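Quick notes on the structure that follows.
The values are calculated or read from the model by the stated rules, or taken from the named source; none is laboratory data. For clarity, every value in this text was computed on a predicted model and none was experimentally measured. FYI the Cβ positions are ideal-geometry reconstructions off the backbone, even for glycines, and counts take in every protein chain you see.
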Amino acid sequence: MATQAQTPPAKKKSGLLSNLLINVAIPALILSKLSGADALGPVWALVLALAFPLGFGLWELKQAGKVNFFSVLGIISVLLTGGISLLQLPPSYIAIKEALVPALIGIVVLVSQYTPYPLVKKLLINPELLDMPKLEQALTAQNNNAVFNQRMGRAGYIVASAFFLSAVLNYILAKAIVVSQPGTTAYAEELGRMTWLSYPVIVLPMMVMLMGAIIYMFMQIGRLTGQPLEDFIL
């Protein structure tokens, strides 16, 4: 008797809590508490602190089984921070780097709007949450595919604006906090302080804008299909 092929187990994804813990809390604690001369010192504290988000990013890439643009960008960001710090470049480079990463994402989102594969669609319409074939069929039945894509384009500008806002806030925060010369205890502590403050100052406003874009698109799904959103949730 032929055996049925088993469905491969889904890739395990990291949650919000683990992301905050490994990418923010642990590095910030290490930089704040272990960068003194009586502990690890500024250089080794920095190396240890950056090892957590770098290792986590590599683990996520392996779990995903494919190259993810955001994971790669996150790893590059960590390596740039390490390079700037270990090479003892002027602290202003940190502010530029902090602004560069979200600005690049915003540019990619905008440019992709004019291609057949808008990035905003992957960011806002999750195929693991929504039944995409059913959604497309419902849009076709209402002859609203073009309108849906137009509304998706509007949401794309909101998402790009969120990343550009993040770039500006990142630059201002880094410029105000990271002022000491790399390689010093004060510099390591300033990096830790910047990491702590980045979430309430930068991430929360950006998340509000992203959630606004998601809510906008979910409302459009109901309006353009004539069906409640629950009909398309897996």
Quiz item: Is it the case that some residue within the stretch 217-224 is at pLDDT 85 or above, part of a helix (DSSP H, G or I) and aromatic (Phe, Trp, Tyr)?
Solution: yes
Self-check item: Which numbered condition Val179 misses (of (1) part of a helix (DSSP H, G or I); (2) of a type in the set (Val, Ile, Thr); (3) modelled with pLDDT of 85 or more)
Solution: (1)
Self-check item: Test result for Leu204, under 17 Å from Lys97 (Cβ atoms), in a helix (DSSP H, G or I) and hydrophobic (A, V, I, L, M, F, W, C)
Solution: no
Exercise. Please work out which residue is surrounded by the most Cβ atoms within 10 Å (Cβ to Cβ), limiting yourself to the stretch 84-136 and to residues that are more than 22 Å from Arg223 (Cβ to Cβ) and polar (S, T, N, Q).
Key: Ser85
Quiz item: Within the stretch 176-227, which residues are free of Cβ contacts under 8 Å to residues at least 12 places away in the same chain and touching a helix residue (DSSP H, G or I) at 6+ places or on another chain (Cβ under 6 Å)?
Solution: Phe218, Gly222
Self-check item: Residues satisfying the stated conditions in the stretch 120-141, i.e. in contact (Cβ under 8 Å) with a residue 24 or more places away in the chain, part of a helix (DSSP H, G or I) and under 22 Å from the mean Cα position of the chain (by Cα)
Solution: Val120, Lys121, Leu123, Leu124
Quiz item: Name the residues in the stretch 59-71 that are at pLDDT below 75 and not acidic (Asp, Glu), would you?
Solution: Leu61, Lys62, Gln63, Ala64, Gly65, Lys66, Val67, Asn68, Phe69, Phe70, Ser71
Quiz prompt | Considering residues of the stretch 142-171 that are free of Cβ contacts under 8 Å to residues at least 60 places away in the same chain and among the hydrophobic types (A, V, I, L, M, F, W, C) only, the residue farthest from Ile215 (Cα to Cα) | solution = Leu169
